[in-house]
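> Dropping the structure in here first, questions after.
The values are calculated or read from the model by the stated rules, or taken from the named source; none is laboratory data. Please read all numbers here as calculations on a predicted model, not as lab measurements. No Cβ is skipped: glycine too gets one built from the backbone with ideal geometry, and neighbour counts run over all protein chains shown.
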Amino acid sequence: MEQLMAIARKSADKVEIYSRAVSTDSVSFENGTLKDIDSKLLFGVSLRMFKAGKLGTAYTQNLIDREELVRNALVSLKGGVEADYDLPKTGQLPKLDAYDSAIGKLTNTQMVDECARISAAIAARTKSQVNVGAGRTTLTIRLLNSEGTDVSAEFSNYGNCAEAIFPGSYASIAQNQVGKKFEAFPDWMIDYVANTYHAALKEAKPAGGRMNVLFLPATLYALIWRLKEGTNAKNVYEKTSRLKDQLGKQVLSEKLTIVNEPLNDQVPGARTFDDEGTPCRNLPLFQAGVLKSFYCDLCYGRKLGMPPTGNGFRGDTTSKPVPALQHLTIQPGDKSFAELIGMMKRGIIVGGAMGAHSGNILNGEYSIGLAPGIYVENGVIAGRVKDAMVAGNVYETMQNVVAIEDTVCSSYMGRFPAVLFDDVSVAI
Amino acid sequence: MFDQLKRILSQVKADYADLRYELRTETQIAYDGRELSLMTADSTDGYVLRVLQSGGLATISFTKASDAEKAIRTAEENAALIGKRIKAPVQLAKVEPIKDTYHPKLDIDPRQVPIDEKLELLRHYNEIPLQQSKVATTAIGYSDLTRDRYFVSSEGSQIREDLVTTRVSGTIISQDGALTQTVRTACGGSDGFARVKNRESEFEEKTALALNMLKATPVKAGSYRVILNQRLSGTFTHEAFGHFCEADLIEDSPTMRAKMQLGAKLGTDILNIKDDPTRLNQLGRYKYDDEGVPARSTQLMKDGVLVGRLHSRRTAAAYGEPVSGHNVAEDFRFAPIIRMGCIFIEPGRLSFDDLCAKLADGLYLVDKMGGQTAGENFTFGAQYGYHVKGGKLTEMIRDINISGNLYATLKKISAIGNDLLLAEVGSCGKGQLNVRSCNGSPHVMVDSVVIGGV
């Protein structure tokens with residue numbers, strides 16, 4: 001990478017080189033039988049060259065021909081993508097515990113054994129189709145820039161997911177467990193999957209209408225997605241965010257505090273710098289429902305005149321950095337999961353969400369299919385509803401928070417508690 | 001190239017192995033509003049090795065040739081481990097080894113078009129919506145992507161085929177006060193750069209739509225009789241039905257397999273559905289899949305009866321059904337999985353006017369906004385629609401998400417139009433992205449669907 005830097009600097013004012021090396025093994029069990037082991041050993045390099053306020057980019061999967069990579073970036077420079085921001089000079093960073101060397105000792109046989117154990121334990125109780133997956137990833141990132149920044153980090157991740165699937169469908173009751181090294185799938189998750197599956201097995205046919213709706217940690221992303229778009233500096237800059245003029249205002253229920261916590265190394269993936277080398281920091285987005293901050297990368301920080309928040313992330317080396325929230329969490333409340341269900345007179349638990357990506361996301365609207373929807377009556381699970389949808393606007397729904405679960409769970413898009421809302425439209 | 005691949009393959013100790021090498025070249029240009037936000041032309045490469053040993057099939061992808069030995073050992077170990085633990089050993093359906101080099105016929109090869117011309121074309125299209133004061137912004141991109149694939153197998157296959165995909169796509173965002181509306185726009189295909197030239201009308205129509213949607217009214221939740229337009233019905237066919245014709249998706253679900261048995265009467269008598277990757281001049285065209293099997297046109301439903309299914313060599317053997325050539329990977333980072341190539345409802349006899357007259361009162365729903373399934377249940381969004389009263393389109397509606405049950409819906413398709421239209425861009429995300437996933441349909445009438453309005 002140092003050689004590449006030397007070559008690139010000859011034709012640019014500023015240069016950034018980003019590399020990722022990732023190794024993964026994933027095991028999948030379907031219906032009690034080992035299905036697949038898939039492995040990857042992938043390397044990639046991304047180059048950004050800045051000249052006279054313009055940006056050229058290029059990527060490759062190997063570093064065999066450095067000259068060609070630089071030539072590609074120079075062709076890209078001719079396009080004239082505006083980039084008048086500075087690259088950070090990042091020196092000392094806090095030490096985080098993001099890599100556990102125990103991950104290297106874990107064998108694929110152990111992962112297969114664990115999947116077999118979980119699968120058998122759940123299937124013995126549900127007599128249903130049970131799918132289980134395990135995945136192990138190690139990732140190394142390095143970022144160099146012409147300002148003298150040279151930062152790198154190593155990460156380890158192990159996860160298990162297990163689901164009991166309802167007959168004739170892929171609607172399921174599921175749990176995910178993640179950590180920095182192998183940890184046995186806990187008994188409480190097996191209990192949760194088995195017990196909830198049984199409670200929801202019977203089909204219920206309640207009438208639709210406005211009612212209590214409980215989003216699980218695993219389905220809350222359908223709402224969070226809208227808030228992420230609303231607080232994204234890009235959408236604020238383009239004036240398409242509904243929150244563009246709302247800083248300091250009460251936007252959500254005062255029960256909701258939503259923060260981005262990249263420095264929390266209790267969970268995998270903690271970061272001290274983003275994919276542009278900007279130091280990461282914990283960032284409150286909504287404090288007791290009040291909009292506190294937007295998040296940005298270098299590009300949109302400059303456009304909005306706000307200091308970069310350390311939220312410039314790439315999908316991989318083939319894509320450019322964009323503002324992203326990768327360490328989002330909702331602060332837990334004071335009710336246990338059982339208490340939340342007990343508080344529902346008549347309502348639906350969103351057990352799985354379908355179609356969260358459709359609808360007018362910038363406007364905050366959502367309309368999602370339930371896979372499954374679990375019907376609760378007088379505080380007790382009464383069965384499962386099929387072909388039902390919940391719909392609304394996140395900026396209204398999130399003002400109607402009844403209560404929040406007292407723990408958080410790592411899920412898609414962040415670490416969330418279950419959240420109980422009132423007065424949500426359910427079509428059945 | 002083939003010599004290097006055969007050298008690597010010769011080091012594998014297994015019952016069967018195949019190795020795919022891909023050179024991926026890509027041009028991407030993007031505008032956010034009037035700001036050019038991306039312009040890049042790249043090439044990159046990688047390998048995917050599959051090893052079958054003692055009934056276990058394992059895959060590894062790697063990007064450095066120097067990792068080949070490590071990759072071979074890893075795949076051998078994983079295959080042996082699967083072989084030891086798997087209930088039914090993997091077998092691959094027999095196919096004839098093939099030696100072929102195939103380059104698709106392109107109307108203007110995008111790789112030969114200067115990047116400046118692509119930039120100018122995109123800038124021109126992007127200006128169409130931006131001239132309107134109520135268009136807040138756009139996010140429109142040009143891309144061309146080539147997968148130059150080399151495939152060798154221990155059975156003696158040696159195939160080279162390149163897949164070239166070109167598209168201009170993105171969103172137009174209109175705004176009136178606090179209300180924003182997002183409209184998707186797209187054109188493209190797999191038959192050359194000419195596909196995206198002279199397409200001003202696409203961007204003009206979608207701009208007008210983005211403005212009109214500001215005035216449309218949100219639909220009321222409930223159950224409706226509807227006509228789906230071609231793109232929406234194509235999405236339904238892909239999402240709700242097509243995925244369950246993918247043998248790998250249902251093979252371990254005893255209840256889904258029971259429902260999706262060949263010979264089962266699932267649809268109305270008028271319903272015929274096929275998947276045909278070999279069809280010319282459509283997005284999903286390919287000659288060989290990523291395990292070297294020639295693609296075949298596969299009839300999935302005939303007169304409402306399930307008659308076929310999409311297979312890999314592994315699932316074809318496991319089901320005892322013919323191979324179909326549908327095992328396709330996103331690129332060199334992925335093992336092939338079973339994908340639809342070009343799935344569509346075959347056209348019937350009715351014109352759109354005939355369908356509206358038959359519907360009399362209900363909704364006409366237009367264009368897709370994403371879709372998802374969970375077994376028999378599906379959800380997908382419609383971009384917009386109209387109330388139909390007395391066979392005539394009346395006021396415009398928006399915020400439409402449809403939910404339903406696959407089996408119930410297939411039996412409620414009560415009329416089929418004569419106007420088959422195939423999608424020009426795709427983005428199926430079954431674990432991997434397939435930008436060449438093509439689907440289509442004529443207009444169809446469905447007797448009832450649940451709509452989750454607000």
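> Would you kindly identify the strands (runs of 3 or more DSSP E) lying entirely within region B:407-454 that contain at least 3 residues that are away from chain A (no Cβ under 14 Å) and touching a residue at least 12 places away in the same chain (Cβ under 8 Å)?
So the answer is B:413-416, B:438-441, B:444-451.
> Taking region B:79-99, which residues are within 11 Å of chain A (Cβ to nearest Cβ) and either assigned to a loop (DSSP other than H, G, I, E, B) or surrounded by 22 or more Cβ atoms within 10 Å (Cβ to Cβ) (or both)?
B:79, B:81, B:82, B:86, B:87, B:88, B:90
> Can you find, within region B:223-239, the residue that is farthest from residue B:428 (Cα to Cα) among those that are β-branched (Val, Ile, Thr) and within 18 Å of the chain's Cα centre (by Cα)?
B:237
> Please give the strands (runs of 3 or more DSSP E) falling wholly within region A:1-102 in which 3 or more residues are more than 9 Å from chain B (Cβ to nearest Cβ) and of a type in the set (S, T, N, Q).
A:14-30
> Select, from B:233, B:297, B:223, the only residue that is more than 30 Å from residue B:193 (Cβ to Cβ) and hydroxyl-bearing (Ser, Thr, Tyr).
B:223
> For region B:296-315, state whether one or more residues are in a loop (DSSP other than H, G, I, E, B), free of Cβ contacts under 8 Å to residues at least 24 places away in the same chain and in contact with an Asp or Glu (Cβ under 7 Å, 6 or more places away or on another chain).
Yes, there is a match, as at least one residue in region B:296-315 is in a loop (DSSP other than H, G, I, E, B), free of Cβ contacts under 8 Å to residues at least 24 places away in the same chain and in contact with an Asp or Glu (Cβ under 7 Å, 6 or more places away or on another chain).
> Test residue B:390 against the stated conditions and say whether it is of a type outside the set (Ser, Thr, Tyr) and either more than 14 Å from chain A (Cβ to nearest Cβ) or surrounded by fewer than 20 Cβ atoms within 10 Å (Cβ to Cβ) (or both).
For residue B:390, the condition - of a type outside the set (Ser, Thr, Tyr) and either more than 14 Å from chain A (Cβ to nearest Cβ) or surrounded by fewer than 20 Cβ atoms within 10 Å (Cβ to Cβ) (or both) - is met.
> Quickly run through region B:124-151 and pick out the residues that are in contact with a Phe, Trp or Tyr (Cβ under 7 Å, 6 or more places away or on another chain) and over 23 Å from residue B:434 (Cβ atoms).
B:125, B:126, B:128, B:129, B:138
> Kindly indicate the residue of region B:414-454 that is in contact with a Gly (Cβ under 8 Å, 6 or more places away or on another chain) and charged (D, E, K, R) and also surrounded by the most Cβ atoms within 10 Å (Cβ to Cβ) among those meeting that condition.
Residue satisfying both the conditions and the ranking: B:436.
> While we're looking at this one, here's another question. Is it the case, given these coordinates, that residue A:136 is modelled with pLDDT of 95 or more, of a type in the set (Lys, Arg) and under 28 Å from residue A:45 (Cα atoms)?
Spelling it out, residue A:136 is indeed modelled with pLDDT of 95 or more, of a type in the set (Lys, Arg) and under 28 Å from residue A:45 (Cα atoms).
> How many residues, within region B:190-205, are over 20 Å from residue B:120 (Cβ atoms) and either at pLDDT below 95 or buried (at least 21 other Cβ atoms within 10 Å of the Cβ) (or both)?
Counting residues in region B:190-205 that are over 20 Å from residue B:120 (Cβ atoms) and either at pLDDT below 95 or buried (at least 21 other Cβ atoms within 10 Å of the Cβ) (or both) gives 1.
> Next question. Which pairs have Cβ atoms under 7 Å, sit 6 or more apart or on different chains, and link a residue in region A:406-428 that is within 14 Å of another protein chain (Cβ to nearest Cβ) and under 15 Å from residue A:175 (Cβ atoms) to one that is of a type in the set (A, V, I, L, M, F, W, C) and not in a strand (DSSP E or B)?
What qualifies is A:412/A:218.
> Among the residues of region A:336-362, what is the count of those that are more than 15 Å from residue B:369 (Cα to Cα) and within 14 Å of another protein chain (Cβ to nearest Cβ)?
5
> Out of curiosity, is residue A:118 buried (at least 20 other Cβ atoms within 10 Å of the Cβ), in contact with a helix residue (DSSP H, G or I) (Cβ under 6 Å, 6 or more places away or on another chain) and either facing chain B (nearest Cβ under 8 Å) or under 30 Å from residue B:88 (Cα atoms) (or both)?
no
> Here's a follow-up. Restricting attention to region B:58-78, which residues are under 15 Å from residue A:37 (Cβ atoms) and more than 8 Å from chain A (Cβ to nearest Cβ)?
B:72, B:73, B:76
> Could you tell me how many of the residues in region A:193-244 are closer than 18 Å to residue A:171 by Cα and in contact with a Cys (Cβ under 6 Å, 6 or more places away or on another chain)?
Number satisfying all stated conditions: 1.
> Related question: So is residue A:304 farther than 23 Å from residue A:422 by Cα, within 14 Å of chain B (Cβ to nearest Cβ), touching a residue at least 24 places away in the same chain (Cβ under 8 Å) and in contact with a helix residue (DSSP H, G or I) (Cβ under 8 Å, 6 or more places away or on another chain) or not?
It is true that residue A:304 is farther than 23 Å from residue A:422 by Cα, within 14 Å of chain B (Cβ to nearest Cβ), touching a residue at least 24 places away in the same chain (Cβ under 8 Å) and in contact with a helix residue (DSSP H, G or I) (Cβ under 8 Å, 6 or more places away or on another chain).
> Then there is this: Looking at (1) in the same structural domain as residue B:30 (by TED's automatic domain parsing); (2) farther than 25 Å from residue A:393 by Cα; (3) not in a helix (DSSP H, G or I), which is the one condition that is false for residue B:195?
Of (1) in the same structural domain as residue B:30 (by TED's automatic domain parsing); (2) farther than 25 Å from residue A:393 by Cα; (3) not in a helix (DSSP H, G or I), only one is false for residue B:195: (3).
> Could you tell me whether any residue of region B:250-271 is within 29 Å of residue B:386 (Cβ to Cβ), more than 14 Å from every other protein chain (Cβ to nearest Cβ) and acidic (Asp, Glu)?
yes
> Now, a different point. Which residues, taken from region A:238-265, are surrounded by fewer than 20 Cβ atoms within 10 Å (Cβ to Cβ), polar (S, T, N, Q) and over 17 Å from the mean Cα position of the chain (by Cα)?
Those that are surrounded by fewer than 20 Cβ atoms within 10 Å (Cβ to Cβ), polar (S, T, N, Q) and over 17 Å from the mean Cα position of the chain (by Cα): A:246, A:250, A:253.
> Then there's this: Residue by residue through region B:104-127, note down the ones that are in a loop (DSSP other than H, G, I, E, B), more than 14 Å from chain A (Cβ to nearest Cβ) and farther than 23 Å from residue B:324 by Cβ.
Those that are in a loop (DSSP other than H, G, I, E, B), more than 14 Å from chain A (Cβ to nearest Cβ) and farther than 23 Å from residue B:324 by Cβ: B:105, B:106, B:107, B:108, B:109.
> Here is a follow-up. Here are some conditions: (1) under 29 Å from residue B:196 (Cα atoms); (2) at pLDDT 95 or above; (3) within 8 Å of chain A (Cβ to nearest Cβ). Residue B:43 meets all but one. Which one does it not meet?
Among (1) under 29 Å from residue B:196 (Cα atoms); (2) at pLDDT 95 or above; (3) within 8 Å of chain A (Cβ to nearest Cβ), the lone unmet condition for residue B:43 is (2).
> Also: Which of the following residues is under 30 Å from residue A:312 (Cβ atoms) and either among the hydrophobic types (A, V, I, L, M, F, W, C) or buried (at least 24 other Cβ atoms within 10 Å of the Cβ) (or both): A:367, A:358?
A:358
> Next question. Residues that are assigned by TED's automatic domain parsing to the domain that holds residue B:344, over 20 Å from the mean Cα position of the chain (by Cα) and touching a residue at least 12 places away in the same chain (Cβ under 8 Å): does region B:373-385 have at least one?
yes
> Given the structure, is residue B:17 in the same structural domain as residue B:138 (by TED's automatic domain parsing), small (Gly, Ala, Ser) and in contact with a Leu (Cβ under 7 Å, 6 or more places away or on another chain)?
When the stated conditions are applied, residue B:17 passes them.
> Oh, and also: So which residues in region A:363-384 are farther than 25 Å from residue B:173 by Cβ and either more than 9 Å from every other protein chain (Cβ to nearest Cβ) or of a type in the set (Asp, Glu) (or both), if there are any at all?
A:373, A:374, A:375, A:376, A:377, A:378, A:379, A:380, A:381, A:382, A:383, A:384
> Please go through (1) in contact with a Phe, Trp or Tyr (Cβ under 7 Å, 6 or more places away or on another chain); (2) more than 10 Å from every other protein chain (Cβ to nearest Cβ); (3) crowded, with 22+ Cβ neighbours inside 10 Å for residue B:17 and return the number of the only condition it doesn't satisfy.
(1)
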